[in-house]
Amino acid sequence: AIYLVGAILSPAPNGFLRPSGELLFKLGAMRADLLILGGEWWRLVNPIFLHGGLMHVGFNCYVLSSIGPLIESVVGTRKFIVLFIFTGVASFVFSAISSILFVPHWSVGASGSIFGLLGFGIAAGFKAGYGPLRRAAPNLVFWVAINFFIGMSISTIDNSAHIGGFLAGALMGVIFQDDRVSSPLAYRAWNVAATACVLLPIAGFLM
């Protein structure tokens with residue numbers, strides 16, 4: 001929905017269903033200068049929901065629909081929401097650091113969160129030793145290898161965001177605990193975290 005708003009509001013000469021760079025900046029694309037010097041924190045959140053074109057959003061939706069249901073079936077909706085937003089934010093933290101230290105760039109897209117899901121699935125799958133994630137882990141490794149290869153082959157892909165999302169997801173996979181062995185306090189904490197992660201992008205786009 002956010003992508004379509006950007007595509008429709010952009011001037012026609014920009015291309016078919018392709019949001020303009022100017023509009024993406026206004027909607028909150030990751031730009032390290034505005035993030036750090038301007039204090040615009042939402043540039044770590046909003047870019048998760050912004051995409052540069054129909055192929056960009058289409059590919060991310062395809063991958064998300066392929067692996068998302070598997071991850072959500074294991075962790076539940078609350079933890080899936082937290083995982084998706086947390087790894088997305090982490091991906092743009094890495095992207096901003098890369099933009100400052102190496103080649104300046106701006107960035108949008110959900111692929112950092114998707115790499116986060118892949119990283120989580122691999123780490124939690126091999127850690128568990130059984131269940132659907134363990135069976136899927138080798139295939140997830142293949143997904144990661146292919147997409148990292150594609151990223152290294154195309155200069156416009158933000159590999160730093162992919163790495164950041166993957167590492168954040170893998171970290172969450174290592175510390176992941178099933179709800180059956182968690183305390184009531186932890187259960188309530190996940191409820192609070194999931195609610196915050198739903199409200200965060202809403203606040204970001206309002207800003």
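Classify the range 1-104 as rounded, prolate or oblate from the Cα gyration tensor: take a ≥ b ≥ c as the square roots of its eigenvalues, call it rounded if a/c is under 1.5, otherwise prolate when a/b beats b/c and oblate if not.
Numbers: a/c = 2.14, a/b = 1.17, b/c = 1.83.
It is oblate, given that a/c is not under 1.5 and a/b is not larger than b/c.
Go ahead and run the numbers for FRET between I202 and T156, Cβ-Cβ distance against an R0 of 22 Å, rounding to 0.05.
Numbers: r = 29 Å, r/R0 = 1.32.
Efficiency computed from Cβ-Cβ geometry: 0.15.
Within the set of other residues whose C-beta is less than 13 Å from the C-beta of C197, count the net charge using Lys and Arg as +1 and Asp and Glu as -1.
Surrounding charge for C197 is +2.
Evaluate the Kirkwood expression for the hydrodynamic radius of the chain, namely the inverse of the mean inverse distance over all pairs of different C-alpha atoms, and round to one decimal in Å.
Working: mean 1/r = 0.0573 Å⁻¹.
Taking every pair of different Cα atoms in the chain, averaging 1/r and inverting gives 17.5 Å.
Can you give me the span-like helices of the chain, meaning DSSP H runs with 27 Å or more of Cα extent along the axis and Kyte-Doolittle mean at or above 0.0?
Numbers: long enough: 54-75 (30 Å, 1.28); 77-101 (36 Å, 1.70); 131-153 (34 Å, 0.83); 184-206 (33 Å, 1.29).
TM-like helix candidates: 54-75, 77-101, 131-153, 184-206.
Tell me the net charge near S107. Cut-off is 12 Å between Cβ atoms, S107 excluded, with +1 for each Lys or Arg and -1 for each Asp or Glu. Numbers along the way, then the final one.
Numbers: positive: R31, R43; negative: D158.
In short, +1.
Ratio of Rg to Rh for the range 127-207, alpha carbon only, Kirkwood? Intermediate results must be reported in sequence, preceding the final value.
Numbers: Rg = 16.8 Å, Rh = 15.8 Å.
Over the Cα atoms of the range 127-207, Rg/Rh equals 1.07.
What residues have an amide H closer than 5 Å to that of L50, excluding those fewer than 5 places away on the same chain, when H is modeled at 1.01 Å from N in the peptide plane?
It is G109, by chain and number.
Within the set of other residues whose C-beta is less than 14 Å from the C-beta of L117, count the net charge using Lys and Arg as +1 and Asp and Glu as -1. Before the final figure, lay out the partial values.
Numbers: positive: K79; negative: E72.
Once positives and negatives cancel, what remains is 0.
With every protein chain left in place, what is the accessible area of F149 in Å² (1.4 Å probe, nearest 10)?
Spelled out: F149, probe radius 1.4 Å, area about 140 Å².
May I ask you to rank F148, F92 by accessible area, largest first, using a 1.4 Å probe over the protein chains only? Walk me through the numbers on the way to the answer.
Values: F148 45, F92 5 Å².
Greatest to least solvent exposure: F148, F92.
Just to make sure I understand: if all protein chains stay in place, what is the order of E40, E72 by accessible area at 1.4 Å, largest first? Mind showing how you got there, number by number?
On the way: E40 40, E72 65 Å².
Reading off the accessible areas and sorting them downward yields E72, E40.
Tell me, what % of the accessible area of the range 143-194 is carbon and sulfur with a 1.4 angstrom probe? Let's see the in-between values first.
Numbers: 2300 of 3170 Å².
Exposed carbon and sulfur together represent 72 percent of the surface.
In whole percent, how big is the carbon plus sulfur part of the accessible area of the range 1-90, probe 1.4 Å, protein atoms only? Before the final figure, lay out the partial values.
Numbers: 3130 of 4390 Å².
That share works out to 71 percent.
Largest first, what is the accessible-area ranking of Y3, Y62 with a 1.4 Å probe? Could you put the intermediate results ahead of the total?
Working: Y3 20, Y62 125 Å².
Solvent-accessible surface, decreasing: Y62, Y3.
Can you work out the accessible area per residue across the chain, with the rest of the protein chains kept in place, probe 1.4 Å, in square angstrom? Show your work: numbers first, answer last.
Numbers: 10790 Å² over 207 residues.
Computed with neighbouring chains in place, this is 52 Å² per residue.
The values are calculated or read from the model by the stated rules, or taken from the named source; none is laboratory data. Values in this document were obtained by computation on a predicted structure and should not be read as measured data. Note that each Cβ is placed from the backbone with ideal geometry, even for glycine, and that neighbours are counted across all protein chains shown. SASA here: full protein model, heavy atoms, side chains in, ligands and nucleic acids out. Shrake-Rupley method; radii C 1.70, N 1.55, O 1.52, S 1.80 Å.
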